[in-house]
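A.B. asks: Below is one structure. I have some questions about it.
The values are calculated or read from the model by the stated rules, or taken from the named source; none is laboratory data. Since the structure is predicted, the reported quantities are computational estimates derived from the model, not experimental observations. Ideal geometry is used to build each Cβ from the backbone, glycine not excepted, and the neighbour counts take in all protein chains shown. The area values use the complete protein model at the heavy-atom level, side chains included, leaving out ligands, DNA and RNA. Shrake-Rupley method; radii C 1.70, N 1.55, O 1.52, S 1.80 Å.
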Amino acid sequence: MNNKLGSLVAATITGSLMLGLAQHATADSTTDIVNALVTKGVLTEEEGALLTKGRNSEVEVAKKKEGKAWTSHIRLNGYVQNRVTDMVSGDDGAVLWPDPSVGDEDSGSGRGQNFRIRRARIIFSGQVGDHLGFYIQPDFASSAGSGQSNNVAQLRDAYGDIFIDKDKVHRFRVGQSKVPFGYENLQSSSNRLSLDRVDALNSAVRDERDTGVFYYYTPTNVQELFKEIADKNLKHTGNYGMFGAGMYMGQGANQEDQNDNYHSVARFTYPWKTDSGQIYEAGIQAYKGKYVRSTGAYRTVRGTSPIPTIDAQYRKTLSTGVSSTSGEFDDERVAVSFRMYPQPWGLEGEWTWGTSPGLDTTVNKIKNGSLHGGYVQGSYFANDVTLFNKNIGNLNPFIKWQYYDGFNKAETNAPANHVNDWEYGVEWQIAPEVELAAVYHRMKRTNMTTSGLFNQENGSYKTFNAEALRVQLQYNFF
């Protein structure tokens, strides 16, 4: 009798204790305590079962609630790229427009810095329920104005993915994001082997991004293959759909709209895997719209005297049929892309053709002109390299040739740009969080700045030849 009474009292006290603890502990913890009391003989199995009745369902409910709390799925990651360049040989005043660390004291516009933070990005992303994902990425190493003000915070991405179905086959991306044009343009700078994107494709969309709405279709089997490529560290673009199409402003990232027209774009890419395990991807893309160019002074040379040409002369000499107030020009391109993922040998290339606004210095007019260009890159992926019986990480040597005969519409005056470059480089992935890249860059290209001693002596937009050794240290945080 006393034993039964003692058990009943213990059960009552334990039950009351459990009710109090329920305010501060999970259902799993409650079950663990009851099981421990049963094991020690304080409670019988029947009494323990009575106290934990319904706990299993509570555990499932708690887990579901936790899974649906979008704050538990916020991800914070990013990367920082530090660069240094040594000009090995060539003409003074060399300028590589995507990277101000390339140049010397004659280059102008703050070029030729010994050290430079090229990118410093933090990414906030997450999933809010089954139908909305978000992605926000500022860059804290942007330049402002003429390039003299560095390490300025600027927005890169801010968009929401609205999923139509739970399998995420159909979605709409709304906000500022990458425009689905070109494989290398969509590839993150943290994944790309070469330090900069090629001029032919990158000149299509300023900073690769714009504000608009894009529809992406990605079947589940393609989603799985995209994930496999990423998991194997093969430097994929991420999921921009097997098919994508949309409308966007057309002036580039962080720019105000200059007309009442939209750009339209469409892209189709198809990845496949052979029986041997080799993965390939091929795609085609095109866009069309009206672009409003910006103008400014540049220098021409007559004899030995530089002659300044002022902004007003542009607006008076625009080509026939183009409004001198709006300055709209046809802006359209098509491109093809191919990639054999490095397993271990890799090959990729892209080529584009189109029409763009461009400056004709012979008549001092901005008018539509044709363009074409692209690149071919070969690479090798050496995974888990061993040196002196020690794993030193992954090595990715590569060679790249790029060519461009066209214009850079987003630069002041939309100058002609002629490029014929070779790059020989290697990326050393010391660890997932640390990467070191070294590139020997042979440049034959147009100087598209309008300042510096080189331009004063030779006139603006002249071709230069130079060779540079470029080194980048990148660290990633996950």
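A.B. asks: Expressed in nm to one decimal, what extension gain is obtained for the pair ILE392 and ASP330 from 0.36 nm per residue of sequence separation less their Cα-Cα distance? Numbers along the way, then the final one.
C.D. replies: Numbers: separation 62, 0.36 × 62 = 22.32 nm, distance 5.09 nm.
Length difference between fully extended and current span is 17.2 nm.
A.B. asks: What does the charge dipole of the stretch 155-221 about its Cα centre add up to, to the nearest 20 debye, if the Cβ of each Lys and Arg holds +1 and the Cβ of each Asp and Glu holds -1?
C.D. replies: Value, rounded to 20: 140 debye.
A.B. asks: Using +1 on the beta carbon of Lys and Arg, -1 on that of Asp and Glu, and nothing else charged, what's the dipole of the stretch 398-478 about the Cα centre, debye to 20?
C.D. replies: 260 debye
A.B. asks: Please tell me the relative contact order of the stretch 346-460 in percent, rounded to the nearest whole number, where contacts are Cα pairs under 8 Å and at least six residues apart.
C.D. replies: Reported as a whole number, the value is 20 percent.
A.B. asks: If I take the Cα coordinates of the stretch 374-424 and project them onto the principal axes, what are the three extents in Å, biggest first?
C.D. replies: 56, 19, 12
A.B. asks: Something else: Dipole size in debye (nearest 20) for the stretch 410-452 around its Cα centre, Lys and Arg Cβ +1, Asp and Glu Cβ -1?
C.D. replies: Using only the charged Cβ atoms, the result is roughly 340 debye.
A.B. asks: Give the accessible surface of the stretch 134-234 per residue, rounded to a whole number of Å², with probe radius 1.4 Å and ligands, DNA and RNA excluded. Before the final figure, lay out the partial values.
C.D. replies: Values: 3740 Å² over 101 residues.
The answer is 37 Å² per residue.
A.B. asks: Select from GLN251, ASN261, GLY283 the residue farthest towards the positive end of the dipole of the stretch 223-291; place +1 on Cβ of Lys and Arg, -1 on Cβ of Asp and Glu, and compute about the Cα centre.
C.D. replies: GLY283
A.B. asks: Related question: Order these peptides, 163-175, 401-413, by their mean beta-carbon neighbour count within 10 angstrom, highest first.
C.D. replies: 401-413, 163-175
A.B. asks: Relative to the present Cα-Cα distance, how much length would full extension add between ILE162 and THR362 at 0.36 nm per residue of separation?
C.D. replies: 67.0 nm
A.B. asks: Same structure, new question: May I ask for the distance between the Cα centers of the stretch 155-175 and the stretch 247-286, given as a whole number of Å?
C.D. replies: Centre-to-centre distance over Cα atoms comes out at 15 Å.
A.B. asks: Also: Starting from 0.36 nm per residue, how many nanometres of slack lie between LEU132 and LYS227 once their C-alpha separation is accounted for?
C.D. replies: Going from the current span to full extension adds 32.2 nm.
A.B. asks: Which order, highest average first, do 208-217, 421-430 follow once you tally other Cβ atoms within 10 Å for each residue and take the mean per peptide?
C.D. replies: Those peptides, ordered most packed to least, come out 208-217, 421-430.
A.B. asks: Go through 470-478, 384-392 and give me the packing order, highest mean Cβ count within 10 Å leading.
C.D. replies: Per-residue mean Cβ counts within 10 Å order the peptides as 470-478, 384-392.
A.B. asks: How far apart, in nanometres, would the label points at ASP86 and ILE430 be if each is projected 7 angstrom from Cα along the Cα-to-Cβ direction?
C.D. replies: 1.8 nm
A.B. asks: Ok, one more. Label-point separation (nm) for LEU469 and TRP272, each offset 7 Å from Cα along Cα-to-Cβ?
C.D. replies: In this crude label model, LEU469 to TRP272 measures out at 4.5 nm.
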